[in-house]
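What follows draws every value from the coordinates through simple rules; no lab data is involved. None of these values were measured; they are calculated from a predicted model. FYI the Cβ positions are ideal-geometry reconstructions off the backbone, even for glycines, and counts take in every protein chain you see.
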Amino acid sequence: MRARPGRAGPKRGPPRPMPKAERDETDMQPGLARAWREAAIAIAIGTCALLLAFREPALAAARVWASSATFNHCFLVVPISAWMLFERREVFATIRPRPSPLLPALAALAGGGAWLAADAAAIYEAQQFALVGLLQCLFLAVLGPRAWRALLAPSLYLFFLVPTGEQLVPPLQDVTTRFIVAGLDALAIPNHVDGVFISTPRGDFHVAEACAGLRFLVASLAYGVLFAVLVLRGTGRRLAFVALCAAVPVLANGLRALGIVLVAYWTNHAYAAGVDHLVYGWGFFVVVTMLLTRLGFAMREAPDGPAAPAAARPATMDRAAPRCPAALASCLVVALACAGPLLSAMLEARAREAAGAWDGLHVSTTSPRWIEAGPVEDWRPAFPTASARRAARFEDGSGRAVDVHLASYARPRKGAEPAGFGNEPHDRGWRRLADGRALVEVDGHALQVRMLRIAAGNARRVVLAWYWVDGGHAGPALAAKLGQLRGRLLTGREAAAAILLSVAQDDDDAALATLRDFLSDGARFAPASPAGRS
């Protein structure tokens, strides 16, 4: 029987040989998987070693995550970073880790020096940023430049582990207060502003620290960066969206606070307090987050096909064996990074030996007009970790009185130093009204110092605050930190103190004039003996 055209079965020949590129890639997969396993083990061991060597700032960060609602979201940073790695899993099949430890190790040495400087100045945030930077050096050394660039987003996202931003609370309070006042003025509602206190005919309002909006600002930035990395393309679009995530929460918090004041004003304080306050606040911020998300999707460009992972190319192009084992690269980075903690331990031993010579800072006056009149009774700054405290009142015989408080630290260290977090120019009975700067003369030299207005009920005070570090005076907290750094690393004069002067007066100009007269008319601040300067 004759076969019909088109019905004949295909001729079976020998199997088609696999193309050379496919054979090479197939043969290489076991080696590629082994290279990534070695890199993962080296990174895991190196990370544990760094966390152990720098455990104090790492544990301090974890304590802040657990104790502060502003930074509770930090517990999600590592899982989010791991998920971002999973989203880039094709990198593990296309790029071979090529350990390259030389430049990352040198960067780790510099990072250890930065950590040492932050440790000497007792700046936990800087220490924590330095630690995350050292982790980046470890990743770069073990993975090599190409693999690290391909995984750059999940790697850099770890910087959100650092709980930072508390220093923004006072300016955010002021911004929120001005926003509320502008809204009340626009609605023709009578109001009077005294610092962060607002009075209306229906009641008084205090823009507290919790109303500053830092919590939502920090969380919004972390969300904005994640959204920009996962959804948007192009550096310009990503930066624009992150900028929106920084600006919109500040404006939204002002609207939220204004809404609370208006609801309380119109309902005679029947609402916008307690649970109503919280529900309204959280509901408002959920709406703002949804708005930001909608804006982000509107900024997204139309997809033109699946995007290839950054820096990805066929694994067959990278068949050369690594020039350095991953374990050796990890050990080199960790060893050089640990130079900072080792030197810090040596400096700490020296500081313990010199601390016994410090008797604290003393105040005196060479003018016969100002006479020490007794202790200060109604004002006490909060410096709980000071090694020595002195308080005195000076009067000039004309009814003017200046209250002085000195908080001395024989051996400043993290958690116990004059410019440390938690030290306040007043105790819990007082509240901050306003914060600014004033130029005064101290020990014959002009000095820019902090000037505050505080209140307790109807009582008002003006406070001047500055520091004594490295044998001299320093005005801003940053200058005090630099002096503390210089004293610990260079001069050996580590003893320090906080100096606070106050006048119980409501008139800012009159109070400042009294304080300036006291300082320029013979007031002196010095250790009890030359030994105290060491």
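Contact order for the stretch 324-427, expressed relative to its length and based on alpha carbon pairs under 8 Å spaced 6+ residues apart, stands at 26 percent.
Each Lys and Arg adds +1 at its Cβ and each Asp and Glu adds -1 at its Cβ; summed about the Cα centre, the stretch 355-533 shows a dipole of about 780 debye.
So, in Å, what gap is there between the alpha-carbon centers of the stretch 51-116 and the stretch 363-432? The stretch 51-116 and the stretch 363-432 have Cα centres spaced 42 Å from each other. Here the gap between residue 167 and residue 34, fully extended at 0.36 nm per residue and compared with their Cα-Cα distance, gives a gain of 43.2 nm. Local charge for residue 516 was computed over the other residues whose Cβ lies under 12 Å away, with Lys and Arg +1 and Asp and Glu -1, and equals -3. Taking every Cα-Cα distance in the stretch 355-533 and sorting them into 10 Å bins starting at zero, the pair-distance distribution P(r) comes out as 10, 40, 38, 11, 1 percent.
Rounded to the nearest Hz, the phi-derived 3J(HN,Hα) couplings of the stretch 99-116 under the Karplus curve 6.51 cos²θ - 1.76 cosθ + 1.60 (θ = phi - 60°) are x, 9, x, 4, 5, x, 5, 5, 5, 5, 5, 5, x, x, x, 4, 5, 4, where x marks glycine and proline. A DSSP coil position with no more than 15 other Cβ atoms inside 10 Å describes the following trypsin sites (Lys or Arg not before Pro) in the stretch 85-155: 89. Segment residue 102..residue 441, full-extension length gain: 116.9 nm, with 0.36 nm per residue of separation and the alpha-carbon distance subtracted. What shape does the stretch 167-299 have by the C-alpha gyration tensor, where a ≥ b ≥ c are the square roots of the eigenvalues, rounded means a/c under 1.5, and otherwise prolate means a/b greater than b/c and oblate the rest? Prolate, since a/c reaches 1.5 and a/b exceeds b/c. Based on alpha carbons, the Rg and Dmax found for the stretch 481-520 are 15.9, 43 Å.
Annotation: peptides 399-411, 335-347, 72-84, ranked by per-residue average of other Cβ atoms within 10 Å with the highest first, follow the order 399-411, 335-347, 72-84.
Farthest toward the positive end of the dipole of the stretch 427-499, out of 477, 455, 499, is the Cα of 455, where the dipole comes from beta carbon charges about the Cα centre. Can you bin the stretch 441-523 into rounded, prolate or oblate? Criterion: square roots of the alpha carbon gyration tensor eigenvalues sorted a ≥ b ≥ c, rounded for a/c under 1.5, prolate for a/b above b/c, oblate for the rest. It is prolate, given that a/c is not under 1.5 and a/b is the larger ratio. Among 514, 177, a tally of other beta-carbon atoms within 10 Å of each Cβ gives an order, fewest to most, of 514, 177.
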